[in-house]
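The values are calculated or read from the model by the stated rules, or taken from the named source; none is laboratory data. Keep in mind that this is a model prediction, so the values were computed, not measured. As a convention, Cβ positions derive from the backbone with ideal geometry for all residues, glycine included, and neighbour counts pool all protein chains shown.
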Amino acid sequence: MENPENPRVFFDVQIGGENVGRIVFELFKDKLPKTAENFRALCTGEKGIGKSTGCPLHFKKCPFHRIIKDFMVQGGDFSNKNGTGGESIYGEKFEDEGFPYTHDKPGLLSMANAGPNTNGSQFFILCKPAHHLDGKHVVFGKVLKGMGVVRELENVEKEEEKPKLKCMISDCGELAPGEDDGICSADDSGDQTPDWPEDSQLDFSNSENKDKVLEMIKSIKECGNSLFKEQPK
């Protein structure tokens, strides 16, 4: 269950210059306050310029430089953009804060590192359980919405582990308590449904929601018809 006291942050993601959606994370500040604060501040960009890299401490325009199908999606190198750079808000590196969580399910957010106590700004999102990382990488958050976007990234065509298309965080930030997660497409179509069913508040497996599902389908169809009619002849 989501802890309402923990911060929520978001990535808006592009693949090949096309907007593919938003990922919303919960950061486990209640258990790992230092690690969570590092990631939160890198999402907002509020800490200014890094002393080590000389670059803005900000994930905006940062690529996902390494993707391994059935394993993980990695990003966070805002300086060199290839997995060799980045830095934390505390300096170049900071210590492992602890290992209260294991890598036991998809959607977990964990720190990439080069060994013990070498956390910077690089992170990865888990696509499958990976218990061989337990006790070596700090799990500090999880995907709340947008796992479909993670799957899109996971399945991008790659050359070895490098995506052939540019995969990028086009925007990022923090969501205020109670603020809408913005998961629905912000376009002019009028469609107010999430791109992926799992992000909907509606339980599609509950037969009592049949009428609501049909109403949703009708609304999507009407949006599509309206856009079709607006096309130049």
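Quick notes on this structure:
- Matching residues, segment 141-173, being in a strand (DSSP E or B) and of a type outside the set (Lys, Arg): GLY141, VAL143, LEU144, GLU159, PRO163, CYS167, MET168, ILE169, SER170, ASP171, CYS172, GLY173
- Scanning segment 112-147 for residues that are of a type in the set (Gly, Ala, Ser) and closer than 22 Å to LYS60 by Cβ gives ALA112, GLY120, SER121, GLY141, GLY146.
- Verdict on GLY135 being buried (at least 19 other Cβ atoms within 10 Å of the Cβ), assigned by TED's automatic domain parsing to the domain that holds PHE64 and either touching a Ser or Thr at 6+ places or on another chain (Cβ under 6 Å) or within 21 Å of LYS29 (Cα to Cα) (or both): no
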